[in-house]
Amino acid sequence: MTYEQVERLATSVDEVFFIFGAAILAIEIIKGVLTRRMTGRTLLDMLASISTQLPFLAVETVLLVTGYVAYEVISETYITWALPISAATLVLGVVLADFTYYWEHRLAHEVRLLWTQHAVHHSSRHMNIVTGVRFGPAEGVWSFICHIPLLLTGLPAEVIFFGILTVQAYQTWIHTELVGRLGPLDGILNTPSNHRVHHGCDDLYLDKNYGGILIIWDRIFGTYQREEHTPRYGLVRDFDSVNPLRVWVSELPALMRDITSARTAADLRASLFGRPGTKHTTGG
């Protein structure tokens, strides 16, 4: 396979999931209007979600160019073995990208500095397709760093980027309450039911179901939770803003306060790299 063929295939994958997601969104809107659940505030929340694409895409555009070049340079300079571009390596690339995404995603929940970006995605009290495009401005930077080790497998940069795109595109359709449980598929794939759990801020659902395409990673590493009741969506703390600017930087004010009030290196380390919600252990 050539680079052009991989690029066309990636575009097709993205378009398929986009169309699928758009169809679900249309049904969500119609149902919301008919049941009168589509309130003005719901629409404002959806617009706030869409607005996060402005800073996100600005950073992502730079990353796609510089990241691809960086991957190529690393591969050509330090990797003396290379796998061909084929159907088999594309499948391998998706599986490895999905495994990497699990840990990228999990760490984004467990490390305060990373959480400042990923919390944007979790800050809506609603669960709909538009919530799926709600991203922190610099989330892509962490993703780029996490996937660098995949170059050690000998996979070409084109294959790695195809895997990353496929994992992200797949998740377009799972941000919805429209699709119920899917039986055996819930035990294998990241389905709408599994992802609703992930977006829940109930104690039972916190820090569960990190998988991108496959939910088996959560089963292997002990973070799987089936949907037992309708979750309460959003952040644990009281945040329910529809102001786009507040949504973009929802966690940064608190982080900056903790950094400036840190009295010791341990305090600073806890503020940056401790779990979200970590308090200073020294000082007043």
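The numbers here are math on the coordinates, done by the rules we state, and not lab data. Values in this document were obtained by computation on a predicted structure and should not be read as measured data. Reconstructed Cβ throughout: ideal geometry from the backbone, glycine too, with neighbour counts over all protein chains shown.
Descriptive notes on the structure:
- Applying the Karplus relation 6.51 cos²θ - 1.76 cosθ + 1.60 with θ = phi - 60° to region 62-77 yields 3J(HN,Hα) values of 5, 5, 4, 6, 5, x, 5, 4, 4, 4, 5, 5, 4, 4, 6, 8 Hz, where x marks Gly and Pro.
- Of Pro231, Pro244, Pro84, the one that fluctuates the most in a GNM where the chain has Cα springs shorter than 10 Å: Pro84
- Between Lys31 and Thr153, the FRET efficiency from the beta-carbon distance, with R0 = 45 Å, is close to 0.55.
- Cα-only radius of gyration and Dmax that characterise region 1-75, units Å: 18.1, 54
- Isotropically averaged projected area of region 107-216, using the convex hull of Cα atoms (one quarter of hull area), nm²: 7.6 nm²
- Label-to-label distance, Val91 versus Ala23, with points set 7 angstrom from Cα along the beta-carbon direction: 2.5 nm.
- Relative packing of 10-23, 155-168, which averages over residues the other C-beta atoms within 10 Å, highest first: 155-168, 10-23
- Peptides 86-95, 172-181 ranked from most to least packed by the mean count of surrounding Cβ atoms within 10 Å: 172-181, 86-95.
- In terms of overall dimensions, the chain has a Cα radius of gyration and Dmax of 19.6, 61 angstrom.
- Near Leu189, the amide H atoms lying under 5 Å from its own belong to Ile215; only residues 5 or more places off or on other chains count, and H is placed 1.01 Å from N.
- Inter-centroid distance (Cα atoms) of region 8-86 relative to region 109-143, Å: 13 Å
- Dividing the summed helix terms, -39500 (n - 2.57) for each DSSP H run of n ≥ 4, by the number of residues in the chain produces a 222 nm estimate of -19000 deg cm²/dmol to the nearest 500.
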